[in-house]
Each structure stands twice: as structure tokens, then as C-alpha cells.
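Notes follow once the structure below has been shown.
Read the figures in this text as sums done on the coordinates, not as results from a lab. Since this is a predicted model, take the numbers as computed values, not measurements. Please note: Cβ atoms are built from the backbone with ideal geometry, for glycine as well, and neighbour counts cover all protein chains shown.
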Amino acid sequence: MPWLALAFLCTAALYASVGFGGGSTYTALLVLADTDYRLIPIVSLSCNLVVVTGGSIAFARRGWLDRDLAIPLALASVPMAWLGGATTIERESFLLILGGALVAAGGLLVTRGAPVIDVDGPRPSRTRLWTLGPLAGGGLGYLAGLVGIGGGIFLAPALHLLRVAPPKTVASTASVFILVNSLAGLAGQWFKLSGAADTAGALGHGWLLVAVLIGGQAGSRAGIHLLSGGLLRRLTGTLVLFVGLRLLWTAWSA
């Protein structure tokens, strides 16, 4: 499907420009392409890994990564992401959970947008983070592994609201959070594949990794200039919101 590869490339470019992986939109696009629901998390998490690996390295080299901020989130999120990926779930339950997650993600994209990474903010306070970090990281990690959404789209607004870090650090933390969750969740998803047919089906989507590699590199280096960031964000949010509502309707009808 050439349109799917192009859509993945554009999605990767958009999300990479602000430190995200694009898992929510990849998932939405795979649903529209009638992909087997068991393979959707594997493909989405794999694409997340390709996109955020380069961004995470670039952020770290620029000195934006704060380990004191990332560690408490990752401590709980990594094992929970693996557990989510290894959890066997029925199609109707998967659609219901994924639909709710996409509606929430789409709403955040439409109303709040992605964090701005070139504006310095106030110095962070860590007290509440070390209290709430493992809880938030564990919950988002499990969701990431279960349905293939990296969790950054939920984490970044929460960190902004808690005022625990300046925007550059939030973007860097979200990128690393998506990276470790995607890796652990993907390991859990591969663990539960039932046979050669499922494995072949997952590997058959490898061409999408090439598309997101190109798009992710372009987005992280040059950003998006054809349309305003706000317009692109709202269009993406509208798509994710639409697919989420469609999934909830399908699950309710079933």
C-alpha cells in the first residue's frame, strides 16, 4: 500500500520534529488499513523505536536529557511495558482499550499540542516526580506494551502541568520514555506470537520501517515547514480522534 508508506513517512517527520515517535498515529493508520489487530502493536512499537532512537541520541548529545527525571519513570515503565506486550487480549477488549487511548491522545493533540523544545522554562522540582513517577511510568508503560502507543503523548502534557522540567528536558524525557517502553513492549509482543504465520505477518510490514526511518531523520533535522505546526497537529489529532471513536463504536457494537 503506497499510501500507507507515505502516511507513515509524513507521520514520522511530524512527530520526530517534536521528540515523539508517532505510535498513536501509526496505530490509527494500521486500523484504517485493516491490519490484523495482533500485529498492530508490533508494527507501531517497531516504528516508534526507529524514530525515537535518533532523537534520543541527539537530545542527549545536546545536554537536554536529565537522568534524574527519566530514571524514576523508566524504572516502573520498562517491566510494565514488557508485561503489557506479553498480555494476551481478545479482539473486542483490544479495540475498546485502544479506542479509548486514541480518543485521549487525539484530544491532547487537538487541544494542547506537542511540547515546544526551543524555549527554556523554570528550574525543575523533583519531589512530586519521585513520588508519582513510578506510578505514572508503570501505567503508561503497560498501555504502551499492550496496544502499541509509546506513551509520550500522555507523559509530556503531564510533566508540563507538574512543572517538573523545562520544555527541552520534557521533550528529551518523552523521547527516551518512548524508546525504552517501545523496546520492552516489543519484546513482550514477540514473546506471545503463536507461530510462524504471525511472525511472517509481522516481518511483512518491515517496509514501513524504511518509511519512518526516512521521515524521522527528515523531521528531526529540518522540522516541518510546509504547514504550520499547529495545523499539522490538529489534522493529526483529528485523524487519531476519528479512528479512536470508530474503534469504540466497533467494540460497543460487538
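Points worth noting:
- ³J(HN,Hα), Karplus 6.51/-1.76/1.60, whole Hz, each residue of the range 78-90, x for Gly, Pro: 5, x, 6, 5, 4, 4, x, x, 7, 6, 7, 9, 6
- Distance between the modelled labels on residue 61 and residue 32, one decimal in nanometres: 3.3 nm (7 Å Cα→Cβ projection).
- For peptides 181-189, 85-93, 134-142, sequence by mean Cβ density within 10 Å, most packed first: 181-189, 134-142, 85-93
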